[in-house]
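See structure below.
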Amino acid sequence: MRRLEVALIGAGLIARLHLDAWIGTGAAVRVFSDDGRAADLAREAGARAVGSLAEALDGADAVDICTPTGSHHEIAMAAIAAGVGIVCEKPLAASTAEAEEIVDAAERAGVRLYPAHDVRFAQPYARLHELVAAGRLGAGSVGRFYFAAYHPRPWTGHVSAEAGGILTDQMLHGVDLAYWVFGDVVRVHAYYQGDIAAPAPEGAVATGTAVLTHASGALSQVVSRWTATPKPPVRVAFHVSGTGGTVRYDSEWPQEVRVADGEAGTFGYAGESVFTTEMREFAQAFAGGPEPRLGARDALAAVRITQAAAKSAWTGRAVELPVKGAAA
Amino acid sequence: MKVAVLSFAHERAETYARLLRDMPGIELLTTDPDDPARGRSVVDRLGASYVDTWDAVFEWSPQAVVVTSEVGRRRELVERAAEVKAHVLCEQPLAIEAADAKAMVDACDTAGVRLALASPACFGEAFATVRRGIADGVVGTLTTVHGVYRGTAEAGGALAVNAAPLLDLVDTVLDGEPAAQVYAQANSVLSGRPQAESAALVSVRYPSGKVASIDCGWSLSAADGPFVTFIGDRASVDYNANPRLLGGFDVESAGERWEPGGADLCSVMLEDFIGSSGNGQGTGPDGQAGLRAVRIIQAAYESVRTGQPVDVG
């Protein structure tokens, strides 16, 4: 089988994680970044750097867009025009209109579009979805999805308070899971507290609290936080109930390996990286294999719901989302 | 001291009666006219004194009463208790309508008796420590409270039955700040009856900008919580009123073993109520807190109907 040719755009933290995962799948990767960091990143990972977006897209099977959100639309449209498949870091776009444009164009052109919603590839969530899809939870009643993390660097760039801060950023994880498990969302209400606009200093704290009403009648509470200290650096948990019972998870529960006492630095074991699982699944799809566990419509739904959350927090009103073919 | 337990409708009523029966210096009388068969079977187990009618209880002139009836009868019983100058410990919520709760508060104020709320999670040293810690700034500036209480399925809807214990915890930590706005969504997936919501999420915004968001649906198994996370800009603290002391497996039930931990909060609450009945200086939430909770619950029902946040007056 021919080696998959991937054009990685961007050279920040996410680009680095994706690049390692692509190399792990056996793909050949060319890296382009307009910030001058592509060469160093490519050299470290055994990829090659190229000098322009056009050069990156030329002959590529897929582009992986890891640039700041504001540039996703332009790069995605260029890839679609060139017939190059797309992996795009979340969120797909900075607005629902841009996201719709990308998804419509990709569908018209027959270009595959996979959003990098990496948490769907984490085992607890994948297993939760399997249980729900197999009917083990019966009819869905309530889900609580909790994400908290410490942001290790100051917030750069300029983002207005109206843009929603954490609601359109980290909260996308919880929203995507709620949507994956319980389906279409018809109503969104959210509160947002803490540092809301960028730039913001290191250690900025924020809390987003959203209530989603699904077309099925199920309800989700999605909580998303930037914490004041890296203790713990990340904490995720969920509790999902239906007529068939409940499923819960907490990342604080020990798995195979943990440091039982003492200071052991960064020692630890977390199994296969979610990015490895994710890029392998995408690579197989680009090579003509089965479709991955998520696609363009999921990217669009996540943007719609998080944008509705931002709008709700800004206006103080619940926001209705029309869902085709569903009773509101 | 003469204390009456009014009805065994509430799931904790029997526990209260048993604790009062064993408390020194308490003369206990019980009644359950709304379900005499239930009443008789409970007092047979407890060996407590029992009369058949509300009239008989109030003619006995109790000095304190515990109101554990269905929510719809609580106003009438609190008003009758106030008439005979009995201090009142009333299950939460006081009522479904704020007007009823207001009348109960006013009746007790006029009679000069204490109206205390049966909200056990607000009692005990653990919660007092959390409350002090937050006041001392251990979480920094408190911004957000997330809480869950899953009660067992009852006749009433989840909002009416389960929201109040969580709202009382928030109210205590916020020193009685009244809510500004309430958003709520509910469904009946577990109950199968549209009029009995079995799941409810309630978000409350306070004038100070603080937000509380609670999950107060039915539990499929045993009651779970109240469990509350107090989030500040420096740290967050969890309070679990119903922690697990021991786990394991139980062959008899073929299920998970759960041995409860923490203090016996019902006992702490009753001792506080009885001890304060002479001086009116109880430490737990009072009728005004109960009224604030009812205003939030009433607004939550309205929000469920309209699909929009509701401003609380």
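The values are calculated or read from the model by the stated rules, or taken from the named source; none is laboratory data. This is a predicted model, so every value here is computed, not measured. Please note: Cβ atoms are built from the backbone with ideal geometry, for glycine as well, and neighbour counts cover all protein chains shown. In case anyone asks, the SASA skips ligands and DNA or RNA and just uses the protein heavy atoms, side chains included. Shrake-Rupley method; radii C 1.70, N 1.55, O 1.52, S 1.80 Å.
From the list B:294, B:312, B:268, the lone residue that is under 21 Å from residue B:124 (Cα atoms), touching a Pro at 6+ places or on another chain (Cβ under 8 Å) and touching a residue at least 40 places away in the same chain (Cβ under 8 Å) is B:268.
Residues in the stretch A:207-228: is at least one more than 12 Å from chain B (Cβ to nearest Cβ) and farther than 25 Å from residue B:201 by Cα? No: zero hits. Inspection of the stretch A:307-320 finds no residue satisfying the criterion of being among the polar types (S, T, N, Q), away from chain B (no Cβ under 11 Å), open to solvent by 60 Å² or more (accessible area, probe 1.4 Å) and out of contact with any helix residue (DSSP H, G or I) (no Cβ under 7 Å at 6 or more places or on another chain). Taken over the stretch B:178-209, the residue count meeting the criterion of being within 16 Å of residue A:192 (Cα to Cα) and more than 8 Å from chain A (Cβ to nearest Cβ) is 7. Name the single residue, out of those in the stretch A:242-267 being open to solvent by less than 70 Å² (accessible area, probe 1.4 Å) and under 25 Å from the mean Cα position of the chain (by Cα), that is nearest to residue A:232 (Cα to Cα). Among residues in the stretch A:242-267 that are open to solvent by less than 70 Å² (accessible area, probe 1.4 Å) and under 25 Å from the mean Cα position of the chain (by Cα), the one nearest to residue A:232 (Cα to Cα) is A:251. Every condition in (1) away from chain B (no Cβ under 13 Å); (2) exposed (fewer than 13 other Cβ atoms within 10 Å of the Cβ); (3) among the hydrophobic types (A, V, I, L, M, F, W, C) holds for residue A:282 except the one numbered (2).
With respect to (1) within 17 Å of residue B:71 (Cβ to Cβ); (2) open to solvent by less than 20 Å² (accessible area, probe 1.4 Å), the lone exception for residue B:152 is condition (2). Number of residues in the stretch B:226-246 that are open to solvent by less than 30 Å² (accessible area, probe 1.4 Å) and within 11 Å of chain A (Cβ to nearest Cβ): the value is 3.
Being facing another protein chain (nearest Cβ under 8 Å) and without any contact (Cβ under 8 Å) to a residue 40 or more places away in the chain is a property that does not hold for residue A:243.
Tell me, which helices (runs of 4 or more DSSP H) wholly within the stretch B:11-109 include 2 or more residues that are touching a residue at least 12 places away in the same chain (Cβ under 8 Å) and of a type in the set (Gly, Ala, Ser)? Steps first, please.
Details: elements: B:13-21, B:36-46, B:54-59, B:74-83.
So the answer is B:13-21, B:74-83.
Each residue in the stretch A:272-310 was checked for being assigned to a helix (DSSP H, G or I) and in contact (Cβ under 8 Å) with a residue 60 or more places away in the chain, and 27 of them qualify.
Taking every residue in the stretch B:196-216 that is in the same structural domain as residue B:177 (by TED's automatic domain parsing) and pairing it with any residue that is among the charged types (D, E, K, R), at least 6 positions away or on another chain, the pairs with Cβ-Cβ distances below 7 Å are B:201/B:215; B:206/B:177; B:207/B:177; B:208/B:177; B:211/B:205; B:215/A:144.
Return yes when residue A:45 is modelled with pLDDT under 95, buried (at least 16 other Cβ atoms within 10 Å of the Cβ) and of a type in the set (A, V, I, L, M, F, W, C) and no when it is not. Answer is yes for this residue. Based on what the data block shows, is residue B:133 surrounded by fewer than 17 Cβ atoms within 10 Å (Cβ to Cβ), touching a strand residue (DSSP E or B) at 6+ places or on another chain (Cβ under 9 Å) and either assigned to a loop (DSSP other than H, G, I, E, B) or of a type in the set (Lys, Arg) (or both)? Here the answer is no, as residue B:133 does not meet what is asked. Inspection of the stretch A:165-173 identifies at least one residue that is closer than 26 Å to residue A:312 by Cα and open to solvent by 60 Å² or more (accessible area, probe 1.4 Å). Residues of the stretch B:75-127 that are under 20 Å from residue B:172 (Cα atoms) and open to solvent by 60 Å² or more (accessible area, probe 1.4 Å): B:102, B:125, B:126.
Evaluation of residue B:139 against the conditions (1) assigned to a strand (DSSP E or B); (2) within 14 Å of another protein chain (Cβ to nearest Cβ); (3) open to solvent by less than 10 Å² (accessible area, probe 1.4 Å) shows that the sole unmet condition is (1). One residue alone among B:100, B:109, B:136 is closer than 27 Å to residue B:193 by Cα and either in the same structural domain as residue B:14 (by TED's automatic domain parsing) or among the acidic types (Asp, Glu) (or both), and that residue is B:100. Can you tell me which residue within the stretch A:190-206, out of those that are open to solvent by less than 30 Å² (accessible area, probe 1.4 Å) and within 8 Å of another protein chain (Cβ to nearest Cβ), is farthest from residue A:305 (Cα to Cα)? Restricting to residues being open to solvent by less than 30 Å² (accessible area, probe 1.4 Å) and within 8 Å of another protein chain (Cβ to nearest Cβ), the top hit is A:205. Taken together, A:120, A:112, A:136, A:144 contain a single residue that is basic (Lys, Arg) and farther than 20 Å from residue A:302 by Cβ, which is A:136.
Tell me which residues, restricted to the stretch A:229-240, are aliphatic (A, V, I, L, M) and either open to solvent by 10 Å² or more (accessible area, probe 1.4 Å) or facing chain B (nearest Cβ under 9 Å) (or both). Correct list: A:234, A:236, A:237. Total residues in the stretch B:164-178 satisfying the condition of being of a type in the set (Gly, Ala, Ser) and buried (at least 23 other Cβ atoms within 10 Å of the Cβ): the figure is 1. Is it fair to say residue B:161 is part of a helix (DSSP H, G or I) and open to solvent by 20 Å² or more (accessible area, probe 1.4 Å)? Considered against the rule, which asks whether it is part of a helix (DSSP H, G or I) and open to solvent by 20 Å² or more (accessible area, probe 1.4 Å), residue B:161 comes out as yes. The single condition from (1) in contact with a Lys or Arg (Cβ under 7 Å, 6 or more places away or on another chain); (2) facing another protein chain (nearest Cβ under 9 Å) that residue A:293 fails is (2). For the stretch B:259-268, state whether one or more residues are surrounded by 21 or more Cβ atoms within 10 Å (Cβ to Cβ), under 30 Å from residue B:1 (Cβ atoms), more than 14 Å from chain A (Cβ to nearest Cβ) and at pLDDT 95 or above. Within the stretch B:259-268 (the criterion being surrounded by 21 or more Cβ atoms within 10 Å (Cβ to Cβ), under 30 Å from residue B:1 (Cβ atoms), more than 14 Å from chain A (Cβ to nearest Cβ) and at pLDDT 95 or above), the answer is no, since none of the residues qualifies.
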